[in-house]
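Okay, so here's the structure we're looking at.
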Amino acid sequence: MFTIVLALVLVLSSQTEAQLQVNFYRNTCPKAESIIRQEVQRAFFRDTGIAPGLVRMHFHDCFVRGCDGSILIKSTPGNSAEEDGPPNAGTLRGFEAIENAKARLEQECRGVVSCADILAYAARDSIVISGGLGWDVPAGRRDGRISRAAETIDIPAPFNNLDEATRAFTKKGLSSDDMVALLGAHTIGRSHCTSFSNRLYNFSPTNSQDPTLDPLYAIQLKQQCPRGPNGNVDPNAVVSMNISPTISENSYYVDVLKNRGLFTSDQTLTTSPDTLSEVRDYARNNIKWQVDFSEAMIKMSQVEVLTGNAGEIRLNCRVINP
Ligand code: HEM
């Protein structure tokens, strides 16, 4: 009995994967990919922060109810949506680029291209525009109709240790190797000071700052994230992820080896021999990281996707269909 169930599960899960296809809109909306790319480019030239914003938004979408575009749904008076959950509130960037792409796609081919797919393409285009390697995006995702702030608990937190972070990924069918490769996304973008200020001030009863943080880097971060008269850092203050926050390359791993990982969850990669050796490999070999990152992104972008007749094709990415 168990063997039959297992065989069924394997067949079903391979079907779900097989249902996403590269060039999915080839016949139904041939300009879809180019329209999305143009909108990402337009947004990027106005604000380079859009690229990291879209990559992170895709990750946060996939970790809550799968890559179903649920992160794009706006809260309503009766429902606090994912965008207002603790990891997302006030820190997401790139909604406008998705909305602009969607508006053009609805003109071009109404009701065809899902918001979940737009986000997956936009994340790939964001990496490419930042100088990273591209990949073919398997598509055909459908949009979810549910978005709950409380479910953002599935998104790993910056204060996670290696076990906690790894568990968040394995829960989504992603391996520790995938996680190490994906975390290289922290080579682009920014962080609010509040996401890591616990490492700078009152860290523990014995250490005022995190001893695993390079002391010189800590001085710099404290200058960028000073405490106000009330003892708190400014909730709007931000710092760059590293010295080249618009370029997608392996510098993240070089930083981690120098104890300059911004979050506990970054620095924690040095705490096990396996993850440390991967960090060393990626720090030495940018191409290897680019290839592994692309593969891991393709895998992440297929987490718990809705396909076939499940869900819907939202007409407005920010609102579920009536
Ligand atoms: C253990 C896993 C992870 C944790 C704990 C984590 C945590 C964070 C935090 C706290 C920020 C700063 C947000 C802010 O304050 O504005 C951030 C930014 C970012 N994260 Fe992650 N992250 C993780 C994994 C990932 C993955 C897998 C990706 C993509 C594949 C990713 C992509 C990004 C990007 C691009 C930014 C910059 C966003 C921007 O500039 O707007 N992260 N992450």
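Below 8 Å between Cα atoms, with a sequence gap of 6+, how large is the relative contact order for the chain in percent?
Relative contact order for the chain comes out at 26 percent.
Can you tell me the Rg and Dmax of the stretch 18-155, counting just the alpha carbons, in angstroms?
Cα-based Rg and Dmax for the stretch 18-155 come out at 14.3, 42 Å.
Restricting to Cα pairs below 8 Å that are 6+ residues apart, what does the relative contact order work out to for the stretch 18-155? Please round to a whole percent.
Relative contact order, the stretch 18-155: 40 percent.
Leaving out ligands, DNA and RNA, what percent of the accessible area of the chain is carbon and sulfur, probe 1.4 Å?
55 percent
In square nanometres, what is one fourth of the surface area of the convex hull spanned by the alpha carbons of the chain?
Across all orientations, the chain yields a mean hull projection of 18.9 nm².
Which whole-number percent gives the relative contact order of the stretch 228-322, counting Cα pairs below 8 Å spaced six or more residues apart?
It rounds to 19 percent for the stretch 228-322.
Keeping all protein chains in place, calculate the accessible area per residue for the chain (probe 1.4 angstrom), answer in Å².
So the chain comes to 47 Å² accessible per residue, rounded to a whole number.
Cα centroid distance between the stretch 44-62 and the stretch 240-272, in Å?
Value for the Cα centre distance between the two parts: 18 Å.
To the nearest 500 deg cm²/dmol, what mean residue ellipticity at 222 nm is calculated for the chain from DSSP H runs of n ≥ 4 alone, each contributing -39,500 (n - 2.57), summed and divided by the residues?
About -13500 deg cm²/dmol.
Around Ala149, under 10 Å between beta carbons, what's the net of Lys plus Arg minus Asp minus Glu among the other residues?
Taking every other residue near Ala149 into account, the sum is -3.
Residues of the stretch 232-249 with amide nitrogen under 13 Å from the 7 Å Cα-to-Cβ point of Arg190?
Of the residues in the stretch 232-249, 235-242, 245-246 have backbone N under 13 Å from the label point off Arg190.
The values are calculated or read from the model by the stated rules, or taken from the named source; none is laboratory data. What you are looking at is a predicted structure, and each value in this text was computed from that prediction instead of being measured. Every residue, glycine as well, gets a Cβ built from its backbone with ideal geometry; the counts of neighbours run over all protein chains shown. Ligands, DNA and RNA are excluded from the accessible area calculation, which covers all protein heavy atoms including side chains. Shrake-Rupley method; radii C 1.70, N 1.55, O 1.52, S 1.80 Å.
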